[in-house]
1. How long is the gain from D631 to S573 if the chain were fully straight, where each residue apart is worth 0.36 nm and the alpha carbon distance is subtracted?
2. For a distance above 28 Å, tell me the whole-number percent of Cα pairs in segment 474-657 that qualify.
3. Once every DSSP H run of n ≥ 4 in the chain is given -39500 (n - 2.57) and the sum is divided by its residues, what mean residue ellipticity at 222 nm do you get, rounded to the nearest 500 deg cm²/dmol?
4. Please compute the length gained on full extension between E614 and W436, using 0.36 nm multiplied by the number of residues separating them and subtracting their Cα-Cα distance.
5. Relative to the present Cα-Cα distance, how much length would full extension add between A702 and T175 at 0.36 nm per residue of separation?
6. Would you mind working out the magnitude of the charge dipole of the chain relative to its Cα centre, with +1 at each Lys and Arg C-beta and -1 at each Asp and Glu C-beta, to the nearest 20 Debye?
7. At most 16 other Cβ atoms within 10 Å and a DSSP loop assignment: could you name the trypsin sites (Lys or Arg not before Pro) in segment 16-122 that fit?
8. Could you give the nm distance between label points at E736 and T540, where each point is 7 Å from its Cα heading toward the beta carbon?
Amino acid sequence: MHRDLLLAWRNAIRRPGFTLLVVLTLALGIGVNSAMFTFVNALLFRPLPGRSAELVGLYSHDPTQPNSYRIFSYPNYADVRDRNDVFDSLIAYSFVTAGQPAGDVMRRLFVEIVSANFFSALGVNLVAGRAFTADEGKPGATIPVAIASYGTWQESGFDPAFVGRTVRINAHDLTIVGIAPKGFSGTTALMTRDLWVPLGMYDALKDDGAHDPATRLASRSNASLMVAGLLKPGLTLQQANTRLAALAADLEHAHPTENSGQVLSVHPLSRVNVSSAPTSDAGPAAVSAVMMPLSGAVLLIACLNIANMLLARASVRRKEIAIRLALGGGRARIVRQLLTESLMLAAIGAAAGLAVGSWTARFFIASVVPLLPTPLQLEWRPDLNVIVATTAFAVLSALAFGLAPALKISRPDLVDDLKDLGNVRPAGRRFGTRAWLVVGQIALSLMLMTAGGMFARGALKAGASDPGYRYEGLLLASIDSSLAGYDETGGRMRLRDALDRLRRMPGVADVGASSQVPFGERHESRWVVRPGQRGDARVTPTYTVVTGGYFKAVGLPIVRGRDFTAVEETSPSAALVAIIDEPLARRLFPNQDPLGEQLVTPPRPGVRPAADNEPMSIVGIVPGIRDWVTDRDPAPHLYVAAGSHYRGVMNIHVRTAGGSDGELLTAIRGQLRAVDDRLPVVELRTMQDFHDRGLVLWVIRAAGRTLIGLGMLALLLAAVGVYGLKSYVVSQRTREIGIRLALGARPADIARLLFLDGARMTMIGLAIGFPLAVILGRLLSAEFFDTDSFDPIVLTLAPLVLAAAAALATYLPARHGMRISPLDALRTE
């Protein structure tokens with residue numbers, strides 16, 4: 001084996017041009033797959049710090065009711081923690097977006113509120129400082145401490161005195177008592193946190209200003225915590241669920257109002273999703289199952305290209321192989337040597353590909369992730385998983401491009417090759433192995449170009465879409481009174497003042513506010529039924545708190561009925577009224593006029609009824625809109641008046657009457673600062689800009705760009721393959737061309753001869769690739785947003801572009817063949 005490696009190395013450095021071309025081709029093919037696997041690895045395989053991977057989620061639901069999973073109140077969590085025989089340790093956590101003053105703007109921080117045992121249970125050692133104490137985790141303790149993420153510490157320049165520093169969050173001064181290790185992101189693999197705070201700070205950070213005792217952490221009706229734990233050694237999920245059944249019965253007996261009919265169960269915890277119901281990583285796995293084969297197709301195209309190069313090189317090695325066989329060398333020994341040479345080339349290509357893949361992943365993360373509305377943690381440095389995967393890509397590549405040529409080269413015509421006639425025998429069959437290799441490249445390239453085109457079309461549609469009203473002339477200003485510590489009275493007053501000031505601004509046509517924005521990151525929903533209906537008749541519409549003027553500002557007409565009045569917009573004591581959209585009207589009142597009818601938003605199981613669970617009268621109907629950019633049809637919506645339903649976060653929509661958007665945004669900021677210079681403005685942009693920066697749209701566009709890149713790389717490799725084959729054909733048929741020209745053939749006849757061979761090869765490749773492209777289109781349309789299974793534009797343009805590139809790659813060698821001198825060609829013999 002050592003001798004084979006030495007000979008392989010000598011052959012590699014003896015022909016540096018050939019070796020460099022092979023290594024570059026492999027670096028592109030393996031690099032693409034290494035970069036793609038880097039992201040797949042981050043989603044599905046990269047080890048989580050500490051014991052995070054061992055966590056199981058604890059869930060509660062009523063098996064008699066669909067979609068009834070819910071999270072836990074602190075008292076229920078404490079009961080399970082203290083009375084179970086299932087878990088070694090049990091943690092509780094919740095999330096909140098907090099505000100930190102940064103000049104004249106409010107910077108958003110992503111904070112996780114955790115139980116005191118969070119870090120110890122996960123086996124995570126802090127870089128500096130200490131973990132939380134039991135006292136800091138008690139409900140209502142309000143001990144202002146926090147543990148900073150490694151990234152937050154890095155932003156300070158790795159200040160050695162960072163532990164002990166005070167940071168101001170939501171009008172609270174918190175002391176940093178510890179620093180989490182690099183790469184730690186809690187229970188998930190991707191979502192970054194800026195800070196962790198103990199459960200004792202829950203009431204201070206989660207308070208929206210309403211001061212409702214039912215929303216306090218100590219309230220058993222406040223289901224606000226997700227719970228996960230580490231099972232006792234040797235305990236299976238089934239055994240754990242059996243034991244939890246008895247505990248659930250005890251909880252129901254002790255607290256029937258909050259725990260009636262509830263069943264406790266444990267399930268594996270998702271690496272990427274955070275949900276009150278058991279979820280898997282099937283979504284990321286499905287995306288990976290599509291993207292990895294597509295990037296693998298690029299590598300296969302590269303391997304077919306290299307196999308063609310090896311077959312071309314075989315023409316100069318025929319005599320060498322024939323001599324070794326004539327001297328008694330076995331064919332198996334020759335094949336082993338040739339495969340060793342392929343493996344060496346693949347190893348060098350893999351090293352270069354790992355560098356290319358790491359650089360590509362690093363560039364992508366550095367340029368794109370900071371633009372995301374929700375920061376993600378992605379690691380570009382290759383770990384053992386990426387190195388092993390890249391090694392596997394190299395071995396498979398060596399077999400793909402090396403085995404068939406090795407078998408073919410090791411079976412020479414000894415008589416002709418020993419006479420050194422290998423390069424002058426008649427061309428024979430014109431459509432041989434090398435041509436079929438190029439056909440395969442063309443077919444795969446068409447498939448990848450089609451995938452890229454379909455995703456690009458889907459991304460264009462998503463970017464040009466709207467929820468059901470036009471974005472032109474619509475501005476968005478989001479304020480969060482709770483970040484400044486205002487209570488409900490203060491928040492209401494500042495919202496009223498802000499709306500009054502903005503409505504009087506020159507250049508403003510209409511102004512209204514809502515608690516959430518279509519195509520945003522989060523949406524609140526509620527159960528809705530008609531009074532007296534059974535629970536199984538409920539609908540779950542999007543639940544939005546709005547002010548008067550909202551519908552006019554965004555451009556949604558009141559189809560029937562009226563808008564909310566000024567009293568309903570501002571007064572907590574106003575009558576409970578609602579506006580519904582047409583999809584919800586069809587669901588709740590299929591054969592009836594809903595105006596004047598009533599509906600109810602019943603409380604979730606275990607939650608005590610509140611004032612907003614009382615019946616509401618329907619006073620208006622509006623058109624339906626979509627919540628998510630991926631929705632194909634409008635979703636049901638329930639709109640309630642801001643007077644009787646307070647929200648600390650409100651999104652003010654400003655419809656302009658003309659003028660510069662930039663100047664109006666500046667003027668709006670000035671008006672909001674005039675209301676209160678402490679009022680946190682967390683969003684101020686045009687609605688089109690808000691849409692363009694959406695996370696879902698970013699994912700769609702990123703996937704489109706990735707697939708377009710794969711398609712372009714495949715196109716380049718296929719064109720190089722066609723060019724290489726036709727150049728080889730011209731070099732091998734130089735004598736034949738000379739004879740044809742000497743016998744009176746015109747240069748145009750030679751060009752036609754060579755060009756027709758290339759055209760036939762291209763057409764066969766397109767004929768094979770077209771059905772593959774259609775099949776891939778059906779797969780993409782089933783899995784991803786708004787991609788048509790049979791897009792005539794893409795399925796027309798992709799073959800045309802590929803055919804044009806192949807034609808150019810065929811024309812260049814054909815032009816060289818036209819210029820061959822008959823005399824020079826015959827002299828070569």
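Computed from the coordinates by the stated procedures, all read-outs in this text should not be read as laboratory data. What you see is a predicted model; the values in this text were computed from it and never measured. Every residue, glycine as well, gets a Cβ built from its backbone with ideal geometry; the counts of neighbours run over all protein chains shown.
1. That pair, D631 and S573, stretches by 17.2 nm at full extension.
2. Values: 3662 of 16836 pairs.
Percentage above 28 Å: 22.
3. Numbers: 25 runs with 399 residues, N = 829.
Computed mean residue ellipticity for the chain: -16000 deg cm²/dmol.
4. Using 0.36 nm per residue and subtracting the Cα-Cα distance, I get 56.8 nm.
5. Details: separation 527, 0.36 × 527 = 189.72 nm, distance 3.88 nm.
Gain in length upon complete extension: 185.8 nm.
6. The calculation lands at about 4440 debye.
7. Sparse-neighbourhood loop trypsin sites (Lys or Arg not before Pro): R51.
8. For E736 paired with T540, the spin-label model returns 6.9 nm.
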